[in-house]
Amino acid sequence: MLVKAILYIVFTFVAIWALDSINITNVFKKNKYYASRVLYLMISVSLSYLVVNFIYDFFTYSWV
């Protein structure tokens with residue numbers, strides 16, 4: 001379980017780094033900077049969740 005928690009932290013930062021090249025503030029209305037940052041954070045956490053579960057399940061089932 002500790003491995004999965006470490007992977008969540010690592011891949012959250014990787015997802016934030018990868019999503020940093022996308023400018024999603026243009027999609028929102030003016031003066032909605034914080035709403036765009038919350039969406040940015042939610043997308044990065046969701047993306048890291050999917051990637052970690054895929055990698056963890058892949059290695060778990062491939063070694064059995």
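Can you pull out every residue in the stretch 19-39 that is without any contact (Cβ under 8 Å) to a residue 24 or more places away in the chain and in a helix (DSSP H, G or I)?
Initially, the stretch 19-39 is screened for residues without any contact (Cβ under 8 Å) to a residue 24 or more places away in the chain, giving 20-39.
Residues satisfying the conditions are ILE24, THR25, ASN26, TYR33, TYR34, ALA35, SER36, ARG37, VAL38, LEU39.
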Scan of the stretch 6-28 for residues that are among the polar types (S, T, N, Q) and either modelled with pLDDT of 85 or more or under 21 Å from TYR56 (Cα atoms) (or both), ordered by number: THR12, SER21
Residue tally, condition closer than 23 Å to TYR8 by Cβ and surrounded by fewer than 10 Cβ atoms within 10 Å (Cβ to Cβ), over the stretch 19-37: 1
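The values are calculated or read from the model by the stated rules, or taken from the named source; none is laboratory data. Values in this document were obtained by computation on a predicted structure and should not be read as measured data. Reconstructed Cβ throughout: ideal geometry from the backbone, glycine too, with neighbour counts over all protein chains shown.
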